[in-house]
1. From ARG238, ARG274, which residue is within 21 Å of LEU177 (Cβ to Cβ), out of contact with any Phe, Trp or Tyr (no Cβ under 6 Å at 6 or more places or on another chain) and either part of a loop (DSSP other than H, G, I, E, B) or not aliphatic (A, V, I, L, M) (or both)?
2. Hey, among the residues in region 168-216 that are loosely packed, with under 15 Cβ neighbours inside 10 Å and acidic (Asp, Glu), which one's nearest to ALA28 (Cα to Cα)?
3. Among the numbered conditions (1) of a type in the set (A, V, I, L, M, F, W, C); (2) touching a helix residue (DSSP H, G or I) at 6+ places or on another chain (Cβ under 9 Å); (3) within 18 Å of GLY78 (Cα to Cα); (4) surrounded by fewer than 21 Cβ atoms within 10 Å (Cβ to Cβ), tell me where ALA118 comes up short.
4. Consider region 232-273. How many of its residues are surrounded by 10 or more Cβ atoms within 10 Å (Cβ to Cβ) and on the phi > 0 side of the Ramachandran plot?
5. Only one of these conditions is not met by SER243: (1) over 30 Å from ALA110 (Cα atoms); (2) in contact (Cβ under 8 Å) with a residue 40 or more places away in the chain. Which number is it?
6. Out of LEU226, LEU255, I need the residue that is over 24 Å from the mean Cα position of the chain (by Cα) and not small (Gly, Ala, Ser). Which one?
7. Do we find a residue being touching a Phe, Trp or Tyr at 6+ places or on another chain (Cβ under 7 Å) and outside the structural domain of LYS265 (by TED's automatic domain parsing) anywhere in region 138-145?
Amino acid sequence: MTIAVTFLPRTGPAPLPPVAFIGGGNMASAIIGGLIQQGTPADAFEVVEPFEEARKKLAQSFGIVARAEASEALSRCGVVVWAVKPQTFAEAARPVRTFAADALHLSVAAGIPSDSIARWLGTERVVRAMPNTPALVGKGMTGLYARPGVEGSDRSMVGQLLAPTGELLWVDTEPALDAVTAMSGSGPAYVFYFIEAMTEAGVEMGLSPEQAQRLAIGTFTGASALAHSATEPPSVLRERVTSKGGTTYAAITSLQATDVKSQFKTAIRAAQKRAAELGEEFGRD
């Protein structure tokens, strides 16, 4: 007896369409580098970058020939990633709109409201992203908001595009991106600030700068990994380390006496407020 066997093709994410980047700086390079490591060829990208030095860097790093101005070449791209400075977005949008009317537009420009982006580009297929600098090493945390005109397949494409940069979190309302900006967008600076303080304290207590910095960075790395894998909230993890009358208890009591937690929350609120202000400032025509 002969048995017919049919092998079904493996299913997986559809290949990305050609991707355009308006701006070829660090964040664009992080995304491009991650995709190239996963097998995307260099000729799948179009990059518009006005600065010659940045164009040379893209050529050296990835073999990408970037262009100084928007051109017909953009019309082949299914996704346009906006990695420009907020104050230059409106001006950069005018020439690109001509060539990318049918594309999905993903903005990583801080503060620019999607209403403004949709108006400047003449499309409702707009997603805003708030990444952070650890994306440069594949450990980023990116918040995302999609306008109602963005379909499920568009969301999947954005997820595929940004996956090499780290973790992704979709939010339901655009104002929530201001909180994302204040927490994860600006957040690496808070961590570096505390690493600075710990390093300085270590040196003051007799360690070498190299020893103190290694201890500080290693402590943040390990504690973050533990918090990420644990089922308990950070407050419980902290309590487990804080034996009454012990060294950690002395440190936490000192922090509580100066109300560091409240001051830190106030600082994050200040960042949220400034994020909203930037949207109003740069979102005007």
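1. Of ARG238, ARG274, the one residue that is within 21 Å of LEU177 (Cβ to Cβ), out of contact with any Phe, Trp or Tyr (no Cβ under 6 Å at 6 or more places or on another chain) and either part of a loop (DSSP other than H, G, I, E, B) or not aliphatic (A, V, I, L, M) (or both) is ARG274.
2. ASP172
3. It fails just one condition, (2).
4. 1
5. Evaluating SER243 over (1) over 30 Å from ALA110 (Cα atoms); (2) in contact (Cβ under 8 Å) with a residue 40 or more places away in the chain leaves (2) as the failure.
6. Details: LEU226 fails: over 24 Å from the mean Cα position of the chain (by Cα).
Going through LEU226, LEU255 in turn, the sole match is LEU255.
7. yes
The values are calculated or read from the model by the stated rules, or taken from the named source; none is laboratory data. None of the values given here were measured: they were computed from a predicted structure. Please note: Cβ atoms are built from the backbone with ideal geometry, for glycine as well, and neighbour counts cover all protein chains shown.
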